Amino acid sequence: MKRSSLVGRYALISPAAILIFVFMLLPMLLMALMSWLEAGQFGGVKWGSYTPEAYLKFLFDRDLSDHLVFNTDYLSIFSRSFQLAGITTFLTLLTAFPVAFYIALQTPKHRTWLMLLITIPFWTNLLVRTYAWILLLRNGGLIDSSLHSLGVLNTPINAMYTPIAVQIGLVYAFLPFMVLPIYTSLEKLDWRLLEAAYDLYANRWQTMRRIVIPLAAPGMVAGCILVFVPALGTFFIPELLGGAKTLMIGNLIQQQFGVSRNWPFGAALSFALLAVVLMFMLIYALRFRGKGSLTQ
Amino acid sequence: MINPRNPLWRYPSLGVLMVAFFAFLYVPIIVLIVLSFNQNQTATIWTTFSFDWYKNVLENPNILRAAQNSLIVALVATVVSTVFATMAAVGMAGKAFKAQNAFNGLVGLPLLVPEIVTAVASLLFFLAIGLELGLTTVIIAHVVFCIPFAYLPIRARLEGLDPKLLEAASDLYARPWQAFARVTLPLLLPGIVSGAMLAFITSMDDFVITFFVAGAGATTLPVYIFGMIRTGISPEVNAISTLLFAASLVIVMLSFFISQKK
């Protein structure tokens, strides 16, 4: 390649690269640094005074005589978040796979329209879609009042501010994220492979298990990451649908910059969340090396 | 291509699942839209049809200011991120070179890092460098996370481009920039338009990052709606949510028909 053209290409790439580097990568490094600083009294940090306090706080409380006491409050918020995000991933996978498979079976014209129907909620504001569930779930809301008028129930359903409400909200929010990548991997499926399997006396279940699912696996894994990562870090879904007993990591982080005013702890929690996500990415990258990446 | 009439490809139970799936996806949205036209104050019981709540929304100066902020941020973020993304996509096309992997990693970053982490990191960074929180910080943050959304469709379009066209242009004595302006750019346009639309929707819809970096004076529509929902549900929220849904719908449909035409 000519030297001048290479310089030109660097020049073309650099504005976008520099922006992301300066305003995304550097801030994350700064966040990592701040998680090791001492918290200021009214928010902020004390520069130059390093302490592992933020990470200790995750597992321990300080009692009156300054001894560390094991405290599972934050640990239980983390495990609840993993549980909710995990169940969300499982349920969306269970629903999205047959849906994507069904769409892949349609004629090209039908497929396009069905995919459009899935894309519309995908691009609709998540806040608005979460709010819509309040209208359905609250006492006196649509589900409550229909159950009452049908005579099925005569007490309020009290569905809002429960883990189940959060779970429904999460599944609803991230379902399209699962369908799209699975469909992308099934779209180009060579159906002759299935015909060959049937010719060899495979039944439907065997064909599904031995042919369709392995071929759809990259899409399913990509979908799981696209659902699990944002579900784990979600903040306004539990904030709006859940109560004080369904806090997730995102809420805990937000509190450190709001009422709790403990920036280093907030930074440490964010960093822990980031570390978990990067670990999943790394596993994905190693497992599916060269089979196309999430962003392409 | 398969013949969908062949019984081999029929899965009757899947049809039922599809109906349930789309009902689950759309019933909440439909309920929201219907209730936004409802006269009743209690927001969930239907009485009669009315445009009152839309009138209230359009007469509320705070909502209008938030909408204006959202539009300013989205327009600036879309233009800047689309221009930079187009440049980057053109720079990335062609023979492989060293920095490509590093750039692929960088551009994927805003998509893969959880929003709340980006939000916290950006907030801490802006405060550390002494930038006052406001529209500027919101715009900077939006440009950054819009770049990948603008970049990916342009890159995909560029990949499908026939390199022989550029060779033909240079055979006909076109200078590189002429070849770019007359050949590459027009062919790239559908990708650029759909990239810009994705960037625009993403910016308009963003809540989490904006919520952290906006400060007091730069409330956008989603941040304002969040505040309204937290103080309790109201028919105005139904109306403004429906308007936001309609805006997304229009942009998705536009980008759909543009991509159908190519």
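Remarks
- Helical segments meeting 30 Å axial Cα length and Kyte-Doolittle -1.0 threshold in chain A (DSSP H): A:73-105, A:163-187, A:263-287
- Kyte-Doolittle mean at least 0.0, axial Cα span of 15 Å or more - DSSP H helices of chain B: B:12-36, B:61-92, B:99-112, B:115-128, B:135-159, B:185-205, B:235-261
- Residues B:W53, A:W47, A:W36, arranged from fewest to most other Cβ atoms within 10 angstrom of their Cβ, appear as A:W47, A:W36, B:W53.
- With the highest mean first, a sort of the peptides B:153-159, A:248-254, B:243-249 on other beta-carbon atoms found within 10 angstrom per residue produces A:248-254, B:153-159, B:243-249.
- Magnitude of the charge dipole for the protein assembly as shown, about its Cα centre and with charges confined to Cβ atoms of Lys, Arg (+1) and Asp, Glu (-1), is about 1720 debye.
- Global form of chain A, assessed from the alpha-carbon gyration tensor, a/c cut-off 1.5: oblate
- Amide H contacts of A:V45 (H built 1.01 Å from N, in plane; Pro and chain starts excluded): A:G40 sit under 5 Å, all sequence-distant by 5 or more or on other chains.
- Note on the stretch B:61-231: Cα-only Rg and Dmax are 18.8, 67 Å.
- Cα-centre dipole for the stretch A:171-296 with unit charges at Cβ (Lys and Arg positive, Asp and Glu negative), debye to 20: 240 debye
- Inter-chain Cβ neighbour average for residues A:245-253, partner chain, 10 Å: 2
- Over the stretch A:52-194, the ratio between the Cα radius of gyration and 2.2 N^0.38 Å evaluates to 1.50.
- Members of A:K188/B:K164; A:K46/A:K245; A:K188/B:K98; A:K46/B:K98 lying beyond 29 Å, as alpha-carbon distances in this model show: A:K46/A:K245; A:K188/B:K98; A:K46/B:K98
- Restricted to Cα atoms, the protein assembly as shown shows a radius of gyration and a Dmax of 25.1, 84 angstrom.
- On the principal axes of its alpha-carbon atoms, the stretch B:11-92 has extents of 56, 53, 14 Å, going from largest to smallest.
- Whole-Å distance, taken between Cα centres, linking the stretch B:5-66 and the stretch B:217-256: 13 Å
- Fewest-first ordering of B:W46, A:W123 by other beta carbons within 10 Å of each residue's beta carbon gives B:W46, A:W123.
- Bridgeable aspartates and glutamates around B:K55 (alpha carbons under 19 Å apart, same-chain partners fewer than 8 residues away excluded): B:E236.
- Mean-position separation - Cα centroids, the stretch B:128-199 and the stretch A:5-60, in angstrom: 28 Å
- Fewest-first sequence of B:D205, A:D66, B:D171 by Cβ atoms within 10 Å of each Cβ: A:D66, B:D171, B:D205
- Cut-off under 5 Å, modelled amide H: who pairs with A:F60 long-range: A:N71
- Sites matching chymotrypsin sites (Phe, Trp or Tyr not before Pro) across the stretch A:144-227 that sit in DSSP coil, with at most 14 neighbouring C-beta atoms within 10 Å: A:Y201
- Residue mean of other protein chain beta carbons inside 10 Å, B:140-150: 3
- Inter-centroid distance (Cα atoms) of the stretch A:143-174 relative to the stretch A:240-268, Å: 26 Å
- For residues of A:158-169, the mean tally of beta carbons on other chains within 10 Å: 0
- Qualifying aspartates and glutamates (Cα of each under 16 Å from Cα of B:K95; at least 8 residues distant if same chain): B:E159, B:D162, B:E167
- Assuming charge only on the beta carbon of Lys and Arg (+1) and of Asp and Glu (-1), the dipole of chain A about its Cα centre is about 1080 debye to the nearest 20.
Since every read-out is calculated from the coordinates, none of them should be taken as a lab result. From a predicted model like this one, the values you see are computed outputs, not experimental measurements. So basically every Cβ, Gly included, is an ideal-geometry build from the backbone, and we count neighbours across all protein chains shown.
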